[in-house]
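**Q** This is the structure I want to talk about, given as structure tokens.
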Ligand SMILES: Cc1ncc(C[n+]2csc(CCO)c2C)c(N)n1
């Protein structure tokens, strides 16, 4: 356990994250130590699976940008609004373009990328996150968004520390980077602040806490299904 880890052994991205992750340790482990992830680390992941995953992830990021935009709608103050706006901007202006570049290097042109048929696991996950925001408040949305952002931070940091094979080193480096780890700390702090505003200093004692834990767990299970889908290129 490093100095920057919490008692669950993962990175310390915040109090709410540590609690929500601790309430679904088996699912969290299935997500962050999935066969797809192990294959990224040791280089054994078949190239076809990685490319299939990247194409689906291109579609995924569009829905994720929408979900963060919904965060702007559900914000309580200018701080939350600015944080969500920055994430929407990073997703739409940089990350989606980066995906286009990575796919181009892997031999997938923009036309092919745009023609990607969305897989059911992709639909299930992204629509669940969006629905959490539509029917719920800012916290419901953040609980559904957290596994995605923070899980990739935890995966990237762990794989990078384990001397990964060169095959997927660029992918791992993106999520292990100081820039991405900084984003994870910022999102963790955004969530902790949002919790404090709405639920006070003892959020775990409020009636809503279990529902938020459950949302986090459900999104984590949908990440597992997304990796499963990645391992099944048609
Ligand atoms: C299936 C899937 N889950 C998580 C991520 C990671 N991710 C998605 S959006 C974003 C930026 C901030 O929200 C990050 C890091 C991914 N790419 N694909």
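The values are calculated or read from the model by the stated rules, or taken from the named source; none is laboratory data. Please read these numbers as outputs of a predicted model, since none were measured by experiment. Every residue, glycine among them, receives a Cβ derived from its backbone with ideal geometry; neighbour counts consider all protein chains shown.
**Q** From the list 194, 225, which residue is under 20 Å from the mean Cα position of the chain (by Cα), at pLDDT 95 or above and either away from the ligand (no atom under 14 Å from the Cβ) or under 15 Å from residue 23 (Cβ atoms) (or both)? Write out each step before concluding.
**A** On the way: 225 fails: either away from the ligand (no atom under 14 Å from the Cβ) or under 15 Å from residue 23 (Cβ atoms) (or both).
Going through 194, 225 in turn, the sole match is 194.
**Q** Which numbered condition trips up residue 26, out of (1) surrounded by fewer than 19 Cβ atoms within 10 Å (Cβ to Cβ); (2) modelled with pLDDT of 95 or more; (3) within 13 Å of the ligand (Cβ to nearest atom)?
**A** All conditions pass for residue 26, except number (3).
**Q** Output the number of residues of the range 99-130 satisfying the condition of being within 21 Å of residue 168 (Cα to Cα) and surrounded by 12 or more Cβ atoms within 10 Å (Cβ to Cβ).
**A** Total satisfying the criteria: 8.
**Q** Of all residues in the range 153-174, which are near the ligand (Cβ under 9 Å from one of its atoms) and surrounded by fewer than 20 Cβ atoms within 10 Å (Cβ to Cβ)?
**A** If the condition is that a residue be near the ligand (Cβ under 9 Å from one of its atoms) and surrounded by fewer than 20 Cβ atoms within 10 Å (Cβ to Cβ), then 174 is the only one that fits.
**Q** Let me ask something additional. Working carefully through the options 48, 117, 76, 104, find the one that is more than 16 Å from the ligand (Cβ to nearest atom), over 25 Å from residue 192 (Cβ atoms) and outside any helix (DSSP H, G or I). Before the answer, list the steps.
**A** Values: 48 fails: outside any helix (DSSP H, G or I); 76 fails: over 25 Å from residue 192 (Cβ atoms); 104 fails: outside any helix (DSSP H, G or I).
Of 48, 117, 76, 104, the one residue that is more than 16 Å from the ligand (Cβ to nearest atom), over 25 Å from residue 192 (Cβ atoms) and outside any helix (DSSP H, G or I) is 117.
**Q** State all residues of the range 130-166 that are assigned to a loop (DSSP other than H, G, I, E, B) and within 13 Å of residue 31 (Cβ to Cβ); if no residue qualifies, say none.
**A** Of everything in the range 130-166, nothing turns out to be assigned to a loop (DSSP other than H, G, I, E, B) and within 13 Å of residue 31 (Cβ to Cβ).
**Q** When you go through 78, 108 one by one, which is the residue that is over 19 Å from residue 227 (Cβ atoms) and out of contact with any helix residue (DSSP H, G or I) (no Cβ under 9 Å at 6 or more places or on another chain)?
**A** None of the other options fit; the residue is 78.
**Q** Quick check, is residue 143 under 26 Å from residue 19 (Cα atoms), more than 11 Å from the ligand (Cβ to nearest atom) and in contact (Cβ under 8 Å) with a residue 40 or more places away in the chain?
**A** Against the criterion (under 26 Å from residue 19 (Cα atoms), more than 11 Å from the ligand (Cβ to nearest atom) and in contact (Cβ under 8 Å) with a residue 40 or more places away in the chain), residue 143 qualifies.
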